[in-house]
Amino acid sequence: MYALTADEIAAFRNSGEFDERWYLEQYDDVRMLGMDAAEHFLWLGKRLGRQPNPSFSQHVRQEAKDQILRTFAGEHPATDSLCLFSHYDEHARIDDYVITYLKALVDCGFSVVFITTSDAIPEREIAKITQLVSKVIVKKNVGRDFGSWFAGVVDSWKFNRYRRVLLANDSVYGPLFDLKFMFDDMGDRSLDLWGITDSFEVDYHLQSYFVVFEAEIVNSGFFTSFWSSYTFEIDKRKVIDNYEVGLTALARKSGYRVGALCSYYDVRRHALRLSDDYAGTGLAARQSRLTPVNPSHFFWRALIQNCHCPFVKIELLRDNPSAIDDVFLWRDTIKTHSTFEADLIDSHLRRVCPA
């Protein structure tokens, strides 16, 4: 076998393509052998198909590329905080409430990659957000939100570039409150992975409409491994089990610090105090002591009034699938506790709700 020279090993180590710390964390046998990490990769790791850094393999990149139909360059400059924003609209529109949300993210220092599965979306709609985003990706409507985020992660990834990555989607109205205060608050908690709300349905997990990866986890082997293991899934239950619940479980198992702005038990305590006026809501709150419920639906009013949750779920106001009996109070609740324009919600609901 060809013998590596010291100059070759040094050149590779200094090339910017090799992350020694990550490589040693990822492959225990290298530490056990006591070999120089860069030499090990050139001598053996490369032949074993190992990665020199937490970027993505050619196979993973091709899988993401195959889902992308077209892309458009945005005008907003890249920053060290990346938001991957998943969008779908049955009428292939970018609604005003979405634009309001994007503006708030930009104000918080994010560069936004906007991924839409409305594959027939016209360029006049995309033009609405060009100044707010760094890129627009139009992809096949496969894989739900995690499929969009996967395509965005792989397409956007630059090794060791980001200190924060946010996964967000258009399933909520907001922000009802200034997101800058939320990011300051959560920054003080020193979490590696966090969300707005958490849930114990199925198993403990962060609800995936808003999930933040902080620097420690972004630049780890865990981040790359999680997305490299992604496979496009159609079934909603499997997506929840494997990715929404699975992400939180894997992060906790790997020793990362995980939490939520509005933790389930804190919100439930407030919801119990608010529930006396509405029998159905009160019953659900009391039953939640035994059976976990979806907090973003059952505890929506406590989330806004007591916990300053910056979002309310569209599904709750549009469909109310769990027949929550105080949902009709949403407009008064938002007007009382927030400066968010309720007209944005009314306008969207009129368009998407059947007559």
### Task
Examine the range 220-237 for a residue that is of a type in the set (Val, Ile, Thr) and more than 28 Å from LEU102 (Cβ to Cβ), and state whether such a residue exists.
yes
### the range 184-202, residues that are of a type in the set (Asp, Glu) and surrounded by 13 or more Cβ atoms within 10 Å (Cβ to Cβ)
ASP192, ASP198, GLU201
### Message
crowded, with 21+ Cβ neighbours inside 10 Å and assigned by TED's automatic domain parsing to the domain that holds SER190: is that true of ALA251 in this structure?
### Response
yes
### Query
How many residues are among the hydrophobic types (A, V, I, L, M, F, W, C) and loosely packed, with under 12 Cβ neighbours inside 10 Å if we restrict to the range 34-60?
1
### Output for the range 119-155, where each listed residue is touching a Phe, Trp or Tyr at 6+ places or on another chain (Cβ under 9 Å), over 30 Å from ARG331 (Cα atoms) and assigned to a helix (DSSP H, G or I)
GLU123, PHE146, GLY147, SER148, TRP149, PHE150, GLY152, VAL153, VAL154
### Query
Applying the selection to the range 262-287, what residues are hydrophobic (A, V, I, L, M, F, W, C) and either modelled with pLDDT of 90 or more or within 19 Å of the chain's Cα centre (by Cα) (or both)?
CYS262, VAL267
### Query
Could you say whether any residue in the range 257-277 is without any contact (Cβ under 8 Å) to a residue 12 or more places away in the chain and buried (at least 21 other Cβ atoms within 10 Å of the Cβ)?
yes
### Query
Which residues, counting only those in the range 304-319, are of a type outside the set (A, V, I, L, M, F, W, C) and in contact (Cβ under 8 Å) with a residue 12 or more places away in the chain?
GLN305, ASN306, HIS308, PRO310, LYS313, GLU315, ARG318
## Note on the structure
For the range 4-33, the count of residues that are loosely packed, with under 14 Cβ neighbours inside 10 Å and either more than 20 Å from PHE56 (Cβ to Cβ) or over 33 Å from the mean Cα position of the chain (by Cα) (or both) equals 11
### Query
ASP203 passes all but one of (1) among the charged types (D, E, K, R); (2) within 19 Å of PHE311 (Cβ to Cβ); (3) free of Cβ contacts under 8 Å to residues at least 60 places away in the same chain; which number fails?
(2)
### Message
I'm checking my understanding of the structure. Among residues of the range 288-303 that are aromatic (Phe, Trp, Tyr) and assigned to a helix (DSSP H, G or I), which one is modelled with the highest pLDDT?
### Response
TRP300
### Task
Would you confirm whether any residue within the range 145-155 is closer than 23 Å to ALA78 by Cβ and surrounded by fewer than 21 Cβ atoms within 10 Å (Cβ to Cβ)?
yes
#### Entry: Among (1) in contact with a helix residue (DSSP H, G or I) (Cβ under 6 Å, 6 or more places away or on another chain); (2) at pLDDT below 95; (3) in a helix (DSSP H, G or I) - the single one PHE328 does not satisfy
(1)
### Query
Which helices (runs of 4 or more DSSP H) does the range 172-261 wholly contain that include 1 or more residues that are β-branched (Val, Ile, Thr) and modelled with pLDDT under 90?
215-218, 221-228, 236-239
### Query
Can you tell me how many residues in the range 17-41 are outside any helix (DSSP H, G or I) and touching a residue at least 12 places away in the same chain (Cβ under 8 Å)?
5
### Message
Suppose we filter the range 110-163 for residues that are of a type in the set (D, E, K, R) and under 14 Å from LEU69 (Cα atoms); how many remain?
### Response
6
### Summary
Sole miss for LEU44 among (1) assigned to a loop (DSSP other than H, G, I, E, B); (2) free of Cβ contacts under 8 Å to residues at least 12 places away in the same chain is condition (1)
## Note on the structure
Of the residues in the range 63-115 that are in a helix (DSSP H, G or I) and among the basic types (Lys, Arg), the one that is surrounded by the most Cβ atoms within 10 Å (Cβ to Cβ) is LYS103
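The values are calculated or read from the model by the stated rules, or taken from the named source; none is laboratory data. Please read all numbers here as calculations on a predicted model, not as lab measurements. Cβ atoms come from the backbone with ideal geometry, glycine included; neighbour counts cover every protein chain shown.
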